[in-house]
Amino acid sequence: MKLFETLRMKWDRFFRRGIERILARNWFDVGLQSKMSALVTVGLVGLILIFAFIAISTVRQTTQQQLNEHVLRARMLAENLDANLSHVGGMLTIIIACPCLACKRLLHHEVSGDE
């Protein structure tokens, strides 16, 4: 196990040194115009990524806000429907409890469909 770790560490050091040497040598061999182009390109890519992140987070926040508004509207509609059904249930209870015979006849005719 230690042998494997030692070999891996040696390979990592060798690989990193090789990449550093190649990048350092190539960076110094490149002209000023190419260096400036590379730096401008890196900066532009960074700015584009920042603006893309801002745009994506804004779209996500807007979507979440609209979903919350839809949930709020659904809750308000459900509460309104619940209140209306409770009101109808209360009215039916009052009509059934009414001692007046005319009310019971009226209710009987409406339920049976007789006219």
Three-way shape call for segment 5-77 based on the alpha-carbon gyration tensor, with the a/c threshold at 1.5: oblate
Leu39/Arg16 FRET efficiency (R0 22 Å; Cβ-Cβ; nearest 0.05): 0.45
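We did not get these values from a lab; they are worked out from the coordinates using the rules stated. Just so it is clear, the model here is predicted, and its values are computed rather than measured. So basically every Cβ, Gly included, is an ideal-geometry build from the backbone, and we count neighbours across all protein chains shown.
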